[in-house]
1. Going by the conditions given, is residue 102 surrounded by fewer than 19 Cβ atoms within 10 Å (Cβ to Cβ) and farther than 28 Å from residue 87 by Cβ?
2. Inside the stretch 106-214, counting only helices (runs of 4 or more DSSP H) that do not spill past its ends, which hold 1 or more residues that are surrounded by fewer than 18 Cβ atoms within 10 Å (Cβ to Cβ) and free of Cβ contacts under 8 Å to residues at least 12 places away in the same chain?
């Protein structure tokens with residue numbers, strides 16, 4: 001009778017362990033099925049968004065772009081875009097060219113996220129090559145401040161991720177500089193004064209790209225105009241513009257453009273003799289002294305003095 005009870009107890013113990021194992025496997029399979037269903041559902045939704053980008057109704061495209069932006073911000077969708085990035089890019093560019101301000105802003109953000117997702121490889125370079133000319137055209141073809149700001153940010157990101165050399169980076173830097181300093185562009189008479197909000201964004205985007213040129217040889221003469229104009233912006237009425245200009249000028253110090261006598265990035269012997277003959281070196285040294293004096297004045301404002309507290313609240 002004791003043996004019978006022990007057998008029964010052993011049988012119960014075995015059955016319980018076996019049931020736990022089955023339950024664990026079932027739970028794992030259920031979770032896997034749920035994950036698979038979730039992935040399939042997400043991919044179906046993303047494909048639907050892509051289809052909606054072809055719709056004529058602007059509100060439908062805006063909704064699709066918003067959904068895609070949210071998806072790319074919440075997940076790493078590398079596998080999804082691996083063979084679709086050109087299709088997405090073309091539709092995003094179309095939205096910038098023909099869409100409303102909201103649609104263009106969403107599309108600009110979407111292009112930046114697309115470039116970041118594919119990474120610093122050939123695909124990112126292709127995104128940059130395909131989009132830079134369209135983004136540059138969008139900067140000069142319209143006057144909407146929100147659209148310009150979004151396109152500037154987009155241009156900075158795609159160039160930062162996709163550019164392979166200084167020449168490619170300089171194309172985007174030039175397009176941005178023509179927004180910052182319209183007199184440097186071809187359509188001087190057609191350009192209206194830039195709103196302070198856009199000017200600050202443009203300078204910040206330009207400075208962001210400027211950080212990438214430190215590994216390449218720099219000819220300081222190419223930056224005389226930039227240094228001089230940014231210096232004038234240190235007196236601008238808008239604080240955000242003054243801050244952006246100050247940060248850009250700080251980069252010139254960091255890159256050694258204002259310190260020609262010691263910069264490792266500059267080969268004095270290789271500089272054009274005409275440049276030296278016209279006093280580029282004394283000019284830069286003079287600008288450096290003026291900037292340092294102005295920076296000392298602005299340091300008071302940076303500490304909170306000289307600002308309108310009502311405006312900052």
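The numbers here are math on the coordinates, done by the rules we state, and not lab data. Just so you know, these numbers come straight off a predicted model, no measurement behind them. Methodologically, a virtual Cβ is constructed for each residue, glycine included, from the backbone with ideal geometry; neighbour enumeration extends over all protein chains shown.
1. In short, no.
2. Answer list for the stretch 106-214: 122-141, 166-180.
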